């Protein structure tokens, strides 16, 4: 599998390196045109590597973990245990078809899993829930890595389908292996909460990084606005739009999940889902605040550029105004007439220059009194 740094990314390198951003707001879906609903077509980045499948099965003090190599191992778990199957990669539609047969998944659900351009949403299929959300992660060099993850929550199992298979659930795995906390003591609904919470927590790290970028950008806008600054502002606006698109619909999905009357979604666990919902609301509010800050930065940039332009034009206007009477005097005494006042006077030339100097001085004093200079 590729490392997180090789995934579908948004570059957020410092300063003017924003121009290297490569995020996409839409994926090409034309190849699905005319096909019947439920047809499995992978939509997203083209990939050829193998799909990884990891399975956890636990109940109380017992926990088993292994990598699935035989697809026949995938089946509904016994009632007394909880099973978590994590799939890294959704580009192999034959693997998704096996999951559909073994767990009785609806064809439209499988179609949504294969489509990595899905909007975050929650679907209730009576015997299981289907949740789609976006994972936002930071690479080692500070890039935002975007990956879609889909969850299927059943009575005693959770299926997670990751677009690229990045290791974002290592904290949940460690808790299962070590038996720490209440994870092993609860059902599949609590496992679903732990996985969603691990994804949502990463949003805060991304927003903190974006907040630092915006604060640095605002300082540069005020101190020394340049053309590259405008590019950075528009890049940040586009990135925040993308993050908002990935997070905003999740608020409604988490609200519906926390208020669901599903029999295998226990009331104590709903309290944890409500906590995740509160976090998502907080994240959405932060995104809106950051967007307002970027819009304010754009206004400050335009005002600063306009002010600097007005200052330059004012100076040039003053210079032009001062030289207009001087040009007038020089023009009169430059005419080739034989009889002109003071034309043959020895002090005529100094008097003309002196008149020009006096006129220029009087105008400068007048401009300063009016605070035009």
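Bear in mind that the values in this text are calculations on the coordinates, not laboratory data. Note that the structure is a prediction, hence the values are computed from the model and not measured. Here the Cβ positions follow ideal geometry from the backbone for every residue, glycine too, while neighbour counts run over all protein chains shown.
Numbers below:
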| read-out | value |
| --- | --- |
| Chain lengthening between residue 234 and residue 216 when straightened (0.36 nm per residue, less Cα-Cα) | 5.0 nm |
| Rounded to 10°, Cα long-axis angle of helix 227-258 versus longest principal axis of the chain | 30 |
| Degrees between helix 267-333 axis and first principal axis of the chain (Cα, 0 to 90, nearest 10) | 10 |
| For segment 56-111, the fraction of alpha-carbon pairs in successive 10 Å shells from zero, as % | 20, 52, 25, 4 |
| Gain on full stretching of the segment that runs from residue 50 to residue 314 - 0.36 nm per residue minus C-alpha separation | 88.3 nm |
| Highest-MSF residue in the chain out of 324, 313, 209 [GNM, Cα springs under 10 Å] | 324 |
| Cα-based helix-to-principal-axis angle, 93-103 vs the chain, degrees rounded to 10 | 50 |
| Segment residue 368-residue 307, length gained on full extension (0.36 nm per residue, minus Cα span) | 20.1 nm |
| FRET E, pair residue 204, residue 299, Förster distance 22 Å, beta-carbon r, rounded to 0.05 | 0.20 |
| Protection proxy ranking of 78-88, 55-65 - average other beta-carbon atoms within 10 Å, highest first | 78-88, 55-65 |
| Calculated P(r) tail over 26 Å for the chain, as whole % of Cα pairs | 63 |
| Part-to-part distance (alpha-carbon centres) for segment 107-151 and segment 161-236, which is given in Å | 15 |
| Virtual paramagnetic centre 7 Å along Cα→Cβ of residue 260, amide N under 15 Å, in segment 166-203 | 187-197 |
| Residue 180 versus residue 351: modelled label distance in nm, points set 7 Å from Cα along the beta carbon direction | 9.9 |
| The chain: relative contact order in percent, alpha carbon pairs under 8 Å with at least 6 residues between | 16 |
| Within the chain, helix-based [θ] at 222 nm, where runs of 4 or more DSSP H residues each add -39,500 (n - 2.57), nearest 500 | -17500 deg cm²/dmol |
| Efficiency of FRET between residue 73 and residue 275 - r from beta-carbon atoms, R0 41 angstrom, step 0.05 | 0.75 |
